[in-house]
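The values are calculated or read from the model by the stated rules, or taken from the named source; none is laboratory data. Computed from a prediction, not measured in an experiment: that's the story for all the values here. Cβ coordinates were reconstructed from backbone atoms using ideal geometry, including for glycine residues, and neighbour counts include every protein chain displayed.
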Amino acid sequence: MRRNDQPWPRERGSPLNPSWSWRRRGGGFKALAGDSGPIPEEIRVTKEIHLTPQDLLSFVVSLGGIKFWAVAIFPMYVGWVLAQPASARHLFIDDLRVVLGFVVIGPLLGSFTLLINTYYDMRDTDQVNPRKQYVRAIEDIIDRDTVRYAAWGFLGLGLLLAGFVAVNLIAYPGSLAGITAVLNRHVFLLLMGVTAALSLLYSHPRVRWKGVAGLDLLTNILGFGILCPLAGWALLRPIEEFPLWYLLSIALFVGAAYAPTTASDIESDRAFGIHTMAVRLGASKAMLVGFLHLVAAVSLLLLGGSQGWFPFVDSARNSLNALWPFLIGQVVLYATFLRRPTQGKIWALVVLLAILQGLTVLLFLYTFAGGQAYVP
């Protein structure tokens, strides 16, 4: 593991000092332990690590982040359940289309997103971001170019599999309208392609939407709150049939969950001139933006439920009679953490809010499916 405070090696080959070497940094030079010569301006000590191909693969997979995959998979799952015909609604994942869709949006495109972001950030913000301490070891384990090649490899595999699903597993009966009338079953591939494009726009230094206040929030809302649910729906039905009001509520919930994360990274982003929403507005105001998104989302959901708008139909018609405490609980929780936000408080809020939102959605889907885990 690379360290800046490592003492000078005692002697070459010493059991207390195995395989330490000086690495060149900037305009300096390289020297091995025991060599004589001037001391460079910046000294970094690197312990040689011998890895097997399996170790490298495990590292790349772990860097992709199962937690990050879940953030994309869950909205796709919601869209898939909502799109099921009324006579066959169920929760159990027994459809090859959605299984492969999860692989596309999670392990493949999800890993592309995280790896390409790591590739562009690992030389600056990630070096001082406490949330990304693992990045500081990347250059000792995998060189930066390997991170880039792996990212593009995951992208290619993701789009290839998305194309296979679209061509071979999706079919829409009846007349079609809108963009589906033009692209038909290839809409799913389009949605996955746009998702990948957003990831690149978010991270690439020539564009870097993550450094444009407002666009950082919008990118995540579009990706997780709109494209992922639509992709799950598109596996079964044309996207034009998705209830727009409910799609808006999902997008608002995603905005509420994302806004605090910009506040948690404010110091590292400010240090490198990345003008995220939190850097522009301040941590407290960025948190307030998220809170307003949450209030709007809950209000819209309560309105739709009271009016019986889809998906508050059939067995889910009165579901909010039981679920309203979970919705109000999110607002109360968020309001509690608004005052004097710290990094610890922010991440506690993110975790607790994610749990509450996940429970609320799963319980609603259970009532929407009529309590059916499997196909009736």
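Okay, here's what the table says:
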{"item": "Boolean, residue 234 is under 28 Å from residue 335 (Cα atoms) and crowded, with 21+ Cβ neighbours inside 10 Å", "result": "no"}
{"item": "Meets criteria (under 24 Å from residue 366 (Cα atoms) and touching a residue at least 24 places away in the same chain (Cβ under 8 Å)) for residue 263", "result": "no"}
{"item": "Qualifying residues in region 162-179 (those that are part of a helix (DSSP H, G or I) and of a type in the set (A, V, I, L, M, F, W, C)) - the one nearest to residue 71 (Cα to Cα)", "result": "162"}
{"item": "Hits in region 124-148 (condition: modelled with pLDDT of 65 or more and more than 20 Å from the chain's Cα centre (by Cα))", "result": "141, 142, 143, 144, 145, 146"}
{"item": "All positions within region 262-290 that are surrounded by fewer than 19 Cβ atoms within 10 Å (Cβ to Cβ) and part of a helix (DSSP H, G or I)", "result": "267, 270, 271, 280, 284, 285, 288"}
{"item": "Test for residue 366: is it of a type in the set (Ser, Thr, Tyr) and either part of a helix (DSSP H, G or I) or modelled with pLDDT of 95 or more (or both)", "result": "yes"}
{"item": "Condition met for residue 117 (of a type in the set (S, T, N, Q) and either under 28 Å from residue 237 (Cα atoms) or at pLDDT 55 or above (or both))", "result": "yes"}
{"item": "Test result for residue 361, β-branched (Val, Ile, Thr), surrounded by fewer than 17 Cβ atoms within 10 Å (Cβ to Cβ) and touching a residue at least 40 places away in the same chain (Cβ under 8 Å)", "result": "no"}
{"item": "Complete set of residues in region 73-112 that are buried (at least 23 other Cβ atoms within 10 Å of the Cβ) and either small (Gly, Ala, Ser) or outside the structural domain of residue 357 (by TED's automatic domain parsing) (or both)", "result": "79, 101, 110, 111"}
{"item": "Selection status of residue 279, within 22 Å of the chain's Cα centre (by Cα) and assigned by TED's automatic domain parsing to the domain that holds residue 222", "result": "yes"}
{"item": "Count of residues meeting criterion [under 26 Å from residue 322 (Cα atoms), of a type in the set (Ser, Thr, Tyr) and out of contact with any helix residue (DSSP H, G or I) (no Cβ under 6 Å at 6 or more places or on another chain)] in region 334-362", "result": "1"}
{"item": "Flag if residue 211 is assigned by TED's automatic domain parsing to the domain that holds residue 294, surrounded by 15 or more Cβ atoms within 10 Å (Cβ to Cβ) and touching a strand residue (DSSP E or B) at 6+ places or on another chain (Cβ under 6 Å)", "result": "yes"}
